[in-house]
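The values are calculated or read from the model by the stated rules, or taken from the named source; none is laboratory data. Since we're looking at a predicted model, the values are computed, not measured. Cβ placement follows ideal geometry from the backbone for every residue including glycine, while neighbour counts extend to all protein chains displayed. Each accessible area value is taken on the protein alone, full model and side chains, heavy atoms only, with ligands, DNA and RNA left out. Shrake-Rupley method; radii C 1.70, N 1.55, O 1.52, S 1.80 Å.
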Amino acid sequence: MIGSFRDNKRVRRLFIKTFGCKVNYSESVEFIGLAQSAGFNASELTGSRLPDDDTTAGAPVVIVNSCCVTAEAERKALQFVRRIRREYPRALILLTGCGARHEGIRRQYAEAGARPFAFFSQALDWLNGQADIHGGPEAATDQSSHGPAHGRARTFIKVQDGCTCRCSYCIIPDVRPYYSRRPDAIINEVRKRLDAGYRELVLTGVNIGHFGRAPWHADPRGETPSERWDVCRLIDAVLAELPVDARLRLSSIEPEDATAELLELYTRPGLCAHLHMPLQSGSEPVLQAMRRQYTAEQYARIVADFRRCCPDGALTTDILVGYPTESAGDFQATLDLCTELGFERVHGFPYSPRPGTPAALLNPLPRPEVIDRNRRLIEHTRALAAGRWQRFVGRQALVLVEECSATGWTGHGEAYQIVCGGPPGLDEQIGRLIPVRLEACDGAGFTGRLI
Ligand code: SF4
């Protein structure tokens, strides 16, 4: 059952819970700003429970920014909706993101008690149209709460949305609009985030290599850029905005967009020494069946070029395990390519069919086999990564402080090293870059000492 605002006299708080990729995170952050401007006391929900104080003051609004790229992502978001509905029966649950844009998927959420909206703007319009929506003057918050001390230490800037690649297993081209954000809007956003104190900016998009290729997002002034833009020019323009104590990271680049020009940008100061480039499979026939736009051999060449441009860089990837046509030999080819290329981190995803995609028409492999292959991939690549990370021990890293606890701090280095260390009490450093000596590595993360 979907609740009504008319039942809730003092709606004070709005929480947004994000599932899925960095695009969703960047959209959530943008929405928090809009919701705050509209008078909501809006914040991101990082855990899975609402803070106690807010549940007694009035019925909260909970926005679930969903993901449907894998069945697992969908299951988690749905489980979250069901729990919030059960534990906070008066909460108003709104659904946004990819799950809200797919008819079959959004029905499940509606049955679980969430009201779906294809776009954030529609959700906000609907909220604004409800009576008794704001609990009083205290409901509004200062825009300065958008700064790093109050949220995530790094900030995500969306540069484009959507994708036209139509990989055989992916539903994303059907559920997201396709556009590039205007360069001037992105640069303004970069300046604002730097002014707000952020020191690590991440350019995100569903496929950021399509920036400038996808049509420009509608501009209220009706203007479109007159010059030619692509992702390399955009990165160059953003790097030119950075002060010396800030840095830029790219969320992900598809292999076909990792051109020589793009890799050359890794020689520039300010661009984090980290390339995330999805591989998906190390087998040529599987890559073809997936309709990926590169061969394993081309992928390996790009890796070699990246390492030449950025010898201290880290390479991370996504691999989709257990595609319906993946034989035992194909899977072995993936393990072998991982050994050859030596990724610093591999995200293995067990394949699950997404209704409406070409791959969903194929007979899937037995589920236990898919799960087992994924487990073997993770074990194999963890061991390889542990060896790769050792070369950073004894060296310095500039670490973005992301969390502080009673025992110390944690953060990421420029090559996306996970680093923790002492002393505690560095809360005021959250969001800052601090020089650290990497003293030891346990395979997955480092312990570091402040320099
Ligand atoms: S590149 Fe392929 S997997 Fe990635 S969003 Fe586009 S269609 Fe989906």
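Per residue, how much accessible area does the chain show when a 1.4 Å probe rolls over the protein heavy atoms, in square angstrom?
Roughly 43 Å² per residue, with all protein chains present.
Using the crude model of +1 on Lys and Arg Cβ and -1 on Asp and Glu Cβ, and no other charge, please compute the dipole size for the stretch 394-450 relative to its Cα centre, in debye to 20.
So the magnitude is around 220 debye.
Mind putting a number on the dipole of the stretch 146-391 about its Cα centre? Charges go on the C-beta only, +1 for Lys and Arg and -1 for Asp and Glu, and I need it in Debye to the nearest 20.
Roughly 600 debye for the stretch 146-391.
Sorting L34, L335, L398 by accessible area (1.4 Å probe), largest first, what list results?
Order by accessible area, largest first: L34, L398, L335.
Name the residue from L263, C404, I93 whose Cα lies farthest towards the positive end of the charge dipole of the chain, charges +1 on Cβ of Lys and Arg and -1 on Cβ of Asp and Glu.
I93
Which order do F119, F211 take when ranked by solvent-accessible area (1.4 Å probe, heavy atoms of all protein chains), largest first?
F119, F211
Starting from the residue with the highest accessible area, list W389, W126 in decreasing order, probe 1.4 Å.
The ordering from most to least exposed comes out as W126, W389.
Over the chain, what is the mean sequence separation of C-alpha contacts under 8 Å (at least six apart), divided by residue count, expressed as relative contact order in percent?
For the chain, the relative contact order is 12 percent.
In straight Cα distance, which aspartates and glutamates are under 13 Å from K22, not counting same-chain residues fewer than 8 positions off?
Here the aspartates and glutamates satisfying the reach criterion relative to K22 are E30, D161.
Normalised by the number of residues in the stretch 394-450, what is the relative contact order in percent for Cα pairs under 8 Å and 6+ residues apart?
After rounding, I find 37 percent.
Shape verdict for the stretch 394-450, please, from the Cα gyration tensor: rounded (a/c under 1.5), prolate (a/b greater than b/c) or oblate.
Prolate is the answer for the stretch 394-450, as a/c is 1.5 or above and a/b outweighs b/c.
So how exposed is H380, as accessible area in Å² (1.4 Å probe, rounded to 10)?
Counting only protein heavy atoms, the figure is 60 Å².
Which one, I84, L124, Q288, is farthest towards the positive end of the dipole of the chain when Lys and Arg carry +1 and Asp and Glu -1 on their Cβ?
My answer, from the dipole projection, is I84.
Please report, for the Cα atoms of the chain, the Rg to one decimal and the Dmax as a whole number; what are they, in angstrom?
Considering the chain through its Cα atoms, Rg and Dmax are 22.3, 64 Å.
Quick one: how many Å² of D330 are accessible to a 1.4 Å probe, rounded to 10?
30 Å²
Hey, if you put +1 on the Cβ of every Lys and Arg and -1 on every Asp and Glu Cβ in the chain, which of A185, S37, H102 ends up farthest toward the positive end of that dipole?
Going by the Cα projections, it comes out as H102.
Can you tell me the dipole magnitude for the chain around its Cα centre, using point charges on the Cβ only (Lys, Arg +1; Asp, Glu -1), in Debye to the nearest 20?
820 debye
With all protein chains present, how much of the accessible area of the stretch 351-408 (probe radius 1.4 Å) comes from carbon and sulfur, to the nearest whole percent?
The C+S portion of the solvent-accessible surface of the stretch 351-408 is 58 percent.
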